[in-house]
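Notes to accompany the following structure.
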Amino acid sequence: MRQVLELVASLINQNPDKEISKSVKDSILERNLAIIGHRGAQPFVKFAFKSLECLLAKGTISAQELIDAYSVEGGRSQTPRENSSNTVGLLWDSLVEESFDWMGLPDVSPAAGKFLVTVFRQLKKIEGSSAIGDDHVASWQRWIRSGLTKDPEALENVKTYLFPPLFKLDRPASLQFLEQLNCQSPNSSDQGQEMDAQALLRLAAMEVGKKSGLVEDPST
């Protein structure tokens with residue numbers, strides 16, 4: 001399947017007729033985002049994640065095109081280019097939340113995790129634009145904490161399929177991510193599940209960070 005997706009990406013990128021390329025990309029985005037958002041054929045969700053991840057990684061589809069398609073496909077009235085950065089941030093929050101919902105399923109979580117890692121890295125590249133309201137590392141924390149608050153049972157899959165590739169592919173940002181987590185103390189406004197999710201996030205990230213060589217044991 002990966003070879004087929006790479007061929008599709010290559011054919012789209014090399015097609016001299018940009019209208020045809022755009023039409024094909026729009027069709028792929030509409031179909032796959034509907035599936036991920038529980039508005040399409042659910043048995044194909046793993047393949048939907050794989051398709052979008054490959055096309056994003058190859059640069060065939062940009063993060064901007066992804067969120068533009070999401071704003072339209074989900075029945076939202078305005079596209080990101082027409083709206084404020086705050087609204088664009090809410091769109092990304094919604095897309096990541098829908099994607100994270102699949103992290104609790106063992107058979108889908110590897111593909112969902114890889115897709116989320118690719119999205120995180122793509123957003124890092126366009127930080128400072130209207131893509132997200134705060135820095136990318138803070139967004140990572142907010143998204144993962146929100147997902148764990150909603151579904152704490154997804155923790156093991158996050159540790160297995162989200163943190164390792166993220167820490168491997170983007171070590172500088174991952175170090176910043178771990179440093180911020182390590183310096184944070186519980187927020188007095190956090191309650192119940194949200195506070196538990198923050199603690200789970202910190203412990204899990206430090207555990208995987210240690211295995212990845214990003215965290216060292218304190219000297220005795």
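Contact order, relative form, for the chain: 16 percent (alpha carbon pairs under 8 Å, 6 or more residues apart, mean separation divided by residue count). One chain, two ends: Ser94 and Phe47. Fully extended at 0.36 nm per residue, the span grows by 14.9 nm beyond their Cα-Cα distance. Residues Leu148, Leu90, ranked from the fewest to the most other C-beta atoms within 10 Å, line up as Leu90, Leu148.
The magnitude of the dipole of the chain, with charges of +1 and -1 set on the Cβ of Lys/Arg and Asp/Glu and taken from the Cα centre, is near 600 debye.
For the range 2-211, count all C-alpha to C-alpha pairs, find those more than 21 Å apart, and express that count as a whole percent of the total.
On the way: 11847 of 21945 pairs.
That fraction is 54 percent.
For the set Lys18/Lys125; Lys159/Lys210; Lys125/Lys211, the pairs lying more than 21 angstrom apart at their alpha carbons are Lys18/Lys125; Lys125/Lys211. Shown is the FRET efficiency for Ala199 and Gln3, computed with R0 = 41 Å from the Cβ-Cβ distance and rounded to the nearest 0.05: 0.45.
Between amide H atoms placed 1.01 Å from N, distances below 5 Å from Ile61 occur with Leu56, all of them 5 or more places distant or on a separate chain.
Converting phi to 3J(HN,Hα) with the Karplus coefficients 6.51, -1.76 and 1.60 and the offset θ = phi - 60°, the range 169-179 yields 7, 9, 5, x, 5, 5, 4, 4, 4, 5, 5 Hz in sequence order, with x at every glycine or proline. As a calculated quantity, the FRET efficiency between Asn182 and Thr87 at R0 = 25 Å, using C-beta atoms, amounts to about 0.20. Farthest toward the positive end of the dipole of the chain, out of Val45, Val137, Tyr70, is the Cα of Val45, where the dipole comes from beta carbon charges about the Cα centre.
The numbers here are math on the coordinates, done by the rules we state, and not lab data. Please read these numbers as outputs of a predicted model, since none were measured by experiment. Quick reminder, even Gly has a Cβ in these numbers, built from the backbone with ideal geometry, and neighbours come from all protein chains shown.
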